[in-house]
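The values are calculated or read from the model by the stated rules, or taken from the named source; none is laboratory data. Note that the coordinates shown come from a computational prediction; the quantities given were computed from them, not determined experimentally. Methodologically, a virtual Cβ is constructed for each residue, glycine included, from the backbone with ideal geometry; neighbour enumeration extends over all protein chains shown. Just so you know, the surface numbers come from the protein's heavy atoms only, side chains and all, with ligands and any DNA or RNA stripped out. Shrake-Rupley method; radii C 1.70, N 1.55, O 1.52, S 1.80 Å.
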Amino acid sequence: IQNYELAKKLSCEPSAITYKIDKLEKSGLIQGYKPVIDMSKLDYRWFLVLLQLRHVKEEERKKFFSYLKTVPQMFFIVSGVGNWMMHLEFYLNKDEDIEEVMSGILKEHNKIVKNFNIIKIRKEHKCVFFPMHITPETAKESMQSKGSTTQWI
């Protein structure tokens, strides 16, 4: 949303919006911006692959991660803990391409991948990127302690 549109919705001046955004950037609450592209309009299919990994040495895990970065169709990699230790996102031209990509990954690293689940994402309804260490409550407290008059909805 443009600053003037936000200002109109909040019944304030666009300069006030610019000031608040600058303040949020300087405080570290806003750490960056990411374009969200509707890849379906470019005729791409979006796939999420959830991976369960075997327990392997850290060196082997790093090799696997490095390999994933070389997969041309790879868009995003998330490594974590839990049942699905890794999330991979791909944008592909055809639905069948995911089988070829996964076949290549498994061929190279079948000793590390224990199980996987492929999910085709048809539509993204909401995209929120928020730093893990900042919750709405801590953000509110931080802004209040710095003398901000921001109203939280």
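Net charge near residue 67: determine it from the other residues with C-beta under 14 Å of the C-beta of residue 67, scoring Lys and Arg +1 and Asp and Glu -1. Provide the component values of the computation, followed by the final result.
Values: positive: 61, 62, 63, 69, 107, 111; negative: 59, 60, 108.
Net charge in that neighbourhood comes out at +3.
Pull out the extension gain between residue 107 and residue 94, defined as 0.36 nm times the separation in residues minus the alpha carbon to alpha carbon distance; nm, one decimal.
On the way: separation 13, 0.36 × 13 = 4.68 nm, distance 2.08 nm.
Result for the pair: 2.6 nm of gain on full extension.
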Compute the distance in nm between two label points, each set 7 Å from the Cα along the Cα-to-Cβ direction, one at residue 3 and one at residue 41. 2.4 nm
Sequence of 81, 101 when ordered by accessible area, the most exposed leading, probe 1.4 angstrom: 81, 101
Using the Cα gyration tensor of the stretch 1-60, with a ≥ b ≥ c the square roots of its eigenvalues, what is the shape: rounded (a/c below 1.5), prolate (a/b larger than b/c) or oblate (neither)? oblate
What is the calculated FRET efficiency for residue 29 to residue 83, with r their C-beta to C-beta distance and R₀ = 30 Å, to the nearest 0.05? 0.45
The set of residues whose placed amide H lies less than 5 Å from the amide H of residue 86, leaving out same-chain residues fewer than 5 positions away, is 51, 80
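What FRET efficiency do you get for residue 63 and residue 12 if R0 is 41 Å and r is their Cβ-Cβ distance, rounded to the nearest 0.05?
On the way: r = 53 Å, r/R0 = 1.29.
So the FRET efficiency works out to roughly 0.20.
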